[in-house]
1. Name the single residue, out of those in the range 69-117 being of a type in the set (Gly, Ala, Ser) and more than 18 Å from Ser49 (Cα to Cα), that is modelled with the highest pLDDT.
2. Restricting attention to the range 18-45, report how many residues are open to solvent by less than 60 Å² (accessible area, probe 1.4 Å) and touching a residue at least 40 places away in the same chain (Cβ under 8 Å).
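The values are calculated or read from the model by the stated rules, or taken from the named source; none is laboratory data. All values reported here derive from a predicted model rather than from experimental measurement. A quick note on method: Cβ atoms are made from the backbone with ideal geometry, for glycine too, and the neighbour counts reach across all protein chains shown. SASA here: full protein model, heavy atoms, side chains in, ligands and nucleic acids out. Shrake-Rupley method; radii C 1.70, N 1.55, O 1.52, S 1.80 Å.
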Amino acid sequence: MELDMILDEFKRELKCGEKTEGYYDRDTGKWIDGKDNEIIFKGAILPLSEKDLKYLQEGSYTLDTVKLYTDIDIKNNTYVTDIETSEKYKITGGIGYNQIHRNFKRYFMQKIDDINA
């Protein structure tokens, strides 16, 4: 598995929501809304290094910006939740590490604070 390169102590159980695209039913002509799918996966959340800060292509960063290493594809602006801590993040960009393994990915995420009404 691609995540074997990451120490077990850094691996977390995470979840993200993905919505499938809606479509028109060919038989009835009615619009069918996309479905919300929750995906549970393993990943490692790590702080940015000085090198990351220097070359961050996505633009600005804050003290709440972190890296996520995983083996699944995640789209920009997808929300990710750490199941153990309930901390929430938003994917802001990512790159593949094809030279290491075709499924190994690194994403940049911004921590999201809950807003209490």
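1. Ser86
2. The number of residues fulfilling the criteria is 3.
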